[in-house]
Amino acid sequence: MTEHDWMIYGATGFTGALVTEEAVRRGHRPLLAGRSESKLKALAGRLGLNYVTVSLNDMAALTQAVKRVRLVFHCAGPFSQTSAPMLRACLTAGAHYLDITGELPVFENVYAYDSAAKQRRIALIPGCGMDVIPTEGLARYVADQIKDPLELEIAFTSTLTRRPSTGTGQSAIEIIARGGLERRNGQLAALPLGQGGQQVRFSHGERYAIPIPWGDLSAAHRATGIPNITTLMAMRRTQARLAQLFGPLAGLLLNVPPIRRLAQGIAGRTQAGPDAKTRQTGRTHVWARAMDVKGNTAEAWLDTLEAYQFTAVAGVSAVEKTLAGKLSGALTPSQAFGADFVLEIQTTKRMDSLKQY
């Protein structure tokens, strides 16, 4: 690769810094970018990289910066506020766009630019991290085993739920503000937060999980065409009960812009992300099941790295594959790299049965 084949925007954030360090470890020299000159200078100096300070609000400068690279790996959230300008800059500059979003409106917006991306011969691939590479890949795997699948359930549990980073916390606020969702008859439908919980058997044991508006309501639907999808996250029953009781009120309050900004500001000051030991020892567990109209089912399980560690490792792998290939259009990770891409990530294991696990 040339010195500036790709850019990491949001490189000084918690996840962005992990991605940067993983990239350097693997021999890459990405161009670092973001808004803070002092933070970029410190990170770039420590790793021996170049950087550019540019705001997402300055479209002319942003486009010029993007023209210096073939690909942008966008790590700055909340993505509902940051994705659109970076997407426009990539389309104008003719650079691939990858991000680590988990926000449904961002997936839907990126997919709307499929034709434009094909005309520019670039790939737009949202969700190149914990959300949605492991979950969407497993969903695609089980869906491919059923003819004309009608229902899809996906559940996960991870240390992600215990100590989120600033970006994850701010994105969670965006999700809560919109309330719960599922996909029914091909359309996104409202589902009150905390309702629809169920016991899910993961490879490491049973956990209670509740529906959340995970990115696969868009990505897995696009990849499989399945019209009815529920995405669930494991949590304690007390947490689920609190979500059910206070979720609607929280959603109403967070839809008031000053309150939402205040909440995101608090998240920015208090959320630190998991420590190094947790990232190295933690695990992510995923379950998926597809079913047809006759009740025939296919299910599978996946165990992989801790969520933030997974995002760093899998994100850089996604960059490598995109730069090495000839991808174009708006794609899900499994459409771009295949349902088995997740198995290339170290220590990942996929199981069709738990009998021997």
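A few notes on this one:
- Cβ-Cβ distances below 7 Å connect the following pairs, each with a first residue in the range 329-346 that is touching a residue at least 40 places away in the same chain (Cβ under 8 Å), a second residue that is among the acidic types (Asp, Glu) and part of a loop (DSSP other than H, G, I, E, B), and a separation of six or more residues or different chains: 339/144.
- Residue count for the range 117-145, restricted to those that are closer than 21 Å to residue 202 by Cβ and either surrounded by fewer than 20 Cβ atoms within 10 Å (Cβ to Cβ) or among the aromatic types (Phe, Trp, Tyr) (or both): 2
- In the range 340-355, the residue that is surrounded by the fewest Cβ atoms within 10 Å (Cβ to Cβ) out of those that are hydrophobic (A, V, I, L, M, F, W, C) and assigned to a helix (DSSP H, G or I) is 343.
- Restricting the range 191-230 to residues that are assigned to a strand (DSSP E or B) and charged (D, E, K, R), the residue that is surrounded by the fewest Cβ atoms within 10 Å (Cβ to Cβ): 206
- Verdict on residue 81 being polar (S, T, N, Q) and more than 22 Å from residue 344 (Cα to Cα): yes
- Some residue of the range 63-86 being more than 22 Å from residue 306 (Cβ to Cβ), part of a loop (DSSP other than H, G, I, E, B), out of contact with any Asp or Glu (no Cβ under 8 Å at 6 or more places or on another chain) and of a type in the set (S, T, N, Q): no
- Among the criteria (1) part of a loop (DSSP other than H, G, I, E, B); (2) in contact (Cβ under 8 Å) with a residue 12 or more places away in the chain; (3) outside the structural domain of residue 32 (by TED's automatic domain parsing), the one residue 295 does not fulfil is (2).
- Residues in the range 49-62 that are polar (S, T, N, Q) and assigned to a loop (DSSP other than H, G, I, E, B): 50, 55, 57.
- Of the residues in the range 14-36, none is farther than 18 Å from residue 62 by Cα, in contact with a Lys or Arg (Cβ under 7 Å, 6 or more places away or on another chain) and either surrounded by fewer than 22 Cβ atoms within 10 Å (Cβ to Cβ) or not β-branched (Val, Ile, Thr) (or both).
The values are calculated or read from the model by the stated rules, or taken from the named source; none is laboratory data. Small disclaimer: the values here were computed from a predicted structure and weren't measured. Methodologically, a virtual Cβ is constructed for each residue, glycine included, from the backbone with ideal geometry; neighbour enumeration extends over all protein chains shown.
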